[in-house]
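The values are calculated or read from the model by the stated rules, or taken from the named source; none is laboratory data. Note that the structure is predicted; figures quoted are calculated from it, not measured. Note that each Cβ is placed from the backbone with ideal geometry, even for glycine, and that neighbours are counted across all protein chains shown. Keep in mind that these areas ignore ligands, DNA and RNA; they rest on the heavy atoms of the full protein, side chains included. Shrake-Rupley method; radii C 1.70, N 1.55, O 1.52, S 1.80 Å.
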Amino acid sequence: MISARELRLLRAYLVASAIALVVLLVGAFSPARQDEITVQRINVIESDGTLRLVIANRERSPAPVIRGKTFGFPGGNRAGIVFYNEEGTERGGLIASGRRLPDGTYYQGLGLTFDRFDQDQVVALQHNDENGRLTSALTIFDRPALSLDSVHALRRAIDSIPEGAAKQEALRRWRERQGGMEYSAPRFVAGRTRARASVVNLYDPAGRLRLRLSVDSLGSAGIEFLDDSGRVIRKIMGVEQPASQK
């Protein structure tokens, strides 16, 4: 039998425990400022659960998503920030990677990208550094109107066809449907090359380079016009005028 004194002590203990639990819960969900948090992944969602933003380390990064369904490559390979639209489809992001290897060599890659609706990136701002060999560029792409998951599904079906005329014809029709592109076609690139030249490249709708403006590492400027096979058909080089003609 529990004595009256023991019963009073038990009641006091239960009351104290309940108060402590309330204090802990209030503290956990308090809007008080937090100066620092340490997490591996943050998901920002709408009230209905639709994913709108992910901030993640490499291991917990998401796979590509279109209309809430994953496709393409698996997750776990791109630390950074990924944006999603109201349908739960990936719309671009900010990705960063880089490390020094045991042999002393290193690499670094950073990119900010924006995607076409239901497709992949059409604007990319990128910087890469491989042991001091730098490239930095703004690139604008064309992509087909066909949704990205449909493009990949069609290509997988074509890849399953045995080699031969039928497969080549299927590939031809597939590219024709996409305006001559495999998956995308660069249209504009402006940046710095590994050879320390600054360039602006303009491409046709099939992604073939047709015009190049450049200033090389020695400061020489030039303009090149190319045909659809990549052959330079005209070249204009900047020539410094004599002082008497300036």
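Here are the numbers for this structure:
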read-out: Area accessible to solvent at F117, 1.4 Å probe radius, in Å²; value: 120
read-out: Under 11 Å, Cβ to Cβ, from R194 - net charge with Lys/Arg +1 and Asp/Glu -1; value: +1
read-out: Gain upon complete extension [T105, F71; 0.36 nm per residue less C-alpha separation]; value: 8.9 nm
read-out: Overall form of segment 141-209 per C-alpha gyration tensor (a/c, 1.5; a/b vs b/c); value: prolate
read-out: Segment 146-246: relative contact order in percent, alpha carbon pairs under 8 Å with at least 6 residues between; value: 14
read-out: Surface per residue (accessible, 1.4 Å probe) for segment 33-186, Å²; value: 61
read-out: Distance between modelled label sites at E87 and L202, nm, 7 Å Cα→Cβ extension; value: 3.3
read-out: Net charge over other residues, Cβ less than 10 angstrom from the Cβ of S61 (K, R count +1; D, E count -1); value: +3
